Amino acid sequence: RLVHLDLKGAAPRAQYLEELLPLLRSLGATGLLLEYEDTFPYTGPLELLQAPHAYSPAELRALLSRARAQGLDVVPLLPFPLQFVLKHREFAHLREVKALPNALNPHKEESLVLVKAMIDQVMALHKDVQWFHIGCDEVYYLGEGEESKQWLQQQDNTPEKLCLSHIKAVATCLASSYPTVTPIVWDDMLRGMSEETLAESGVPQLVQPMIWDYAADINVEGKVQLLEKYHRCGFSKVWFASAFKGATGVNQSLTPTGHHLRNQLEWLQVGSRSSPDVLEGIALTGWQRYDHFSVLCELLPVAIPSLAVCLQALKNGGYSEEVKENVEKLLGMSNLEIDTFMSTSPGTFPGSNILTLVTQVSFYLKSSVDELLERNRYVTGWFSPYHRKRKIIHPIIMHHFQPDAVSLLSKWNAVVQDLQAALEQVFHKCAIEEWMEENVHPSLQKLQQVVDDLDEA
């Protein structure tokens, strides 16, 4: 049971992740799937890939050593296709389609040199790992570059074969230098391929596919058949991937725990109908962005109750009152609701204060400001943007809502100040800025503007 930490957005400080490890272990995690992207401390020509808040080698060594001490396996994940690399001007010449940083050109020798350099740097910090996830999902636009178009015109060449040869090249790159490490790939590019195509490619001897589906009602029968198909093609082991957050809305701010629990229960059904010697494990994904360029979805501390419920359900083979009580005890929560957000009681887990404050902001900030600005008849009738712009204001009208506006602004400023302080304990400045600009500033600035206009009036 691997917990996926997606670090390509709002990557928590290393200290917070270390605090989390004992809790993850006690909830039933057996390992971490670490998707670093630009938070890895690349060096040399790759140094420009580092975000300003990237982890230092010392921080990572301490985190990995702490994970091992907790008995957690660590699986690094390098997401080929490399959006976070190909967005840089210095690597743009390696794009499959010139204008888009979505896929690596598989025909350029330099592409594999880059892949090897990245794998080597990550492996240098991850001694003794058993698996290495090489991504290979949603490789959009592969086959649409000029060289690929020429390649596809040759006899017997197909987009499927191009994709498989690309996966094979990356997996071979890893296997040739690290023969004891098994590459894992996302399975979505493989699903629709025939057994014959897969078997002939040689890919099943090189990698383990990870079948992912984050829905609350997955096609259990279809998944069992897919698993059997992969086994017949020659894949020795297969993984599942569920989700505990980041899969229900691109700009989601609160985690619908019930949805994610149902997703795990569906996977348990698939597992119970699959041959145990074929299944290697499950990764609980926790996406932080849908891709490198999209906005942030739920912050990690906000999703800890969902993760706890999901891990415990998988560990215990289902969800019961007893499992619920155990989760509440481990999180220090008095009343855990899985199908509503509101009655989530404060807990004692790391970052629980962030969950409380984010819940408050997500539920009440926009609605309370909209209530005042769009549904208060004095504001809509006598203090509209038209009136404010032209300064045509009747003085007596303002007294009907000025105290409410001032009091609402003061209340939200206090909450936001607390949230800012809580976030600073866990996240770097850039993540806080981004979350605030997306989720807080639009409503707060509207309210501030009205209060400023009232003062001026």
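The values are calculated or read from the model by the stated rules, or taken from the named source; none is laboratory data. Only a predicted model underlies this, so the values are computations on that prediction, with no experimental measurement involved. Here the Cβ is made from the backbone with ideal geometry for all residues, glycine too, and neighbour counts use every protein chain on show. Side chains included, ligands, DNA and RNA excluded: accessible areas come from the protein's heavy atoms. Shrake-Rupley method; radii C 1.70, N 1.55, O 1.52, S 1.80 Å.
Go through the stretch 17-52 and count every residue that is of a type outside the set (D, E, K, R), more than 26 Å from S111 (Cα to Cα) and open to solvent by 10 Å² or more (accessible area, probe 1.4 Å).
Residues meeting the conditions: 4.
Exactly one of these conditions fails for Q83: (1) at pLDDT 95 or above; (2) polar (S, T, N, Q); (3) in contact with a His (Cβ under 8 Å, 6 or more places away or on another chain). Give me its number.
It is condition (1) that Q83 fails.
Kindly list, by first and then second residue, each pair from a residue in the stretch 252-263 that is over 19 Å from F363 (Cα atoms) to a residue that is assigned to a helix (DSSP H, G or I) and open to solvent by less than 10 Å² (accessible area, probe 1.4 Å), limited to pairs with Cβ atoms under 8 Å and residues at least 6 apart or on different chains.
H260/S306; H260/V309; H260/C310; L261/S306; L261/V309; L261/C310; L261/A313; N263/C310
I want to confirm something. Restricting to the stretch 55-88 and keeping residues that are assigned to a strand (DSSP E or B) and of a type outside the set (A, V, I, L, M, F, W, C), which single residue is farthest from Y140 (Cα to Cα)?
Once the filter is applied, the top-ranked residue is D73.
Filter the stretch 360-385 down to residues that are surrounded by 15 or more Cβ atoms within 10 Å (Cβ to Cβ) and of a type in the set (K, R), then give me how many there are.
Of the residues in the stretch 360-385, 1 are surrounded by 15 or more Cβ atoms within 10 Å (Cβ to Cβ) and of a type in the set (K, R).
Enumerate the helices (runs of 4 or more DSSP H) found wholly within the stretch 385-438, keeping only those where 2 or more residues are closer than 22 Å to T359 by Cα.
Fully inside the stretch 385-438 and qualifying: 402-426.
Is there any pair with a first residue in the stretch 292-309 that is closer than 20 Å to E328 by Cβ and a second that is open to solvent by less than 10 Å² (accessible area, probe 1.4 Å) and among the basic types (K, R) whose Cβ atoms are under 6 Å apart and which are 6 or more apart or on different chains, and what are they?
Listed pairs, sorted by first residue: A303/K245; S306/K245.
Pick out the one residue from V406, V451, V416 that is closer than 30 Å to A303 by Cβ and modelled with pLDDT of 95 or more.
Just one listed residue meets the conditions, V416.
Starting from residues that are open to solvent by less than 20 Å² (accessible area, probe 1.4 Å) and part of a helix (DSSP H, G or I), keep the ones in the stretch 342-359 and report whichever is farthest from L454 (Cα to Cα).
The selected residue is S352.
Assuming K329 fulfils every condition listed in (1) free of Cβ contacts under 8 Å to residues at least 40 places away in the same chain; (2) charged (D, E, K, R); (3) closer than 30 Å to S201 by Cβ apart from one, which condition is it?
Status for K329: all satisfied but (3).
Every residue in the stretch 118-143 that is open to solvent by 40 Å² or more (accessible area, probe 1.4 Å) and modelled with pLDDT of 95 or more, please.
Matches in the stretch 118-143: D120, Q121, A124, Q130.
Return yes or no: is S294 assigned by the TED database to the domain that holds S242, outside any helix (DSSP H, G or I), open to solvent by 10 Å² or more (accessible area, probe 1.4 Å) and within 30 Å of E437 (Cβ to Cβ)?
Yes, satisfied.
Would you list the strands (runs of 3 or more DSSP E) that sit entirely within the stretch 163-276 and hold 2 or more residues that are in contact with a Ser or Thr (Cβ under 9 Å, 6 or more places away or on another chain) and open to solvent by less than 30 Å² (accessible area, probe 1.4 Å)?
Once the strands (runs of 3 or more DSSP E) in the stretch 163-276 are filtered for at least 2 residues that are in contact with a Ser or Thr (Cβ under 9 Å, 6 or more places away or on another chain) and open to solvent by less than 30 Å² (accessible area, probe 1.4 Å), what remains is 238-245.
Just one of (1) within 24 Å of V426 (Cβ to Cβ); (2) outside the structural domain of L408 (by the TED database) trips up E321, so point out which.
The single condition E321 does not satisfy is (1).
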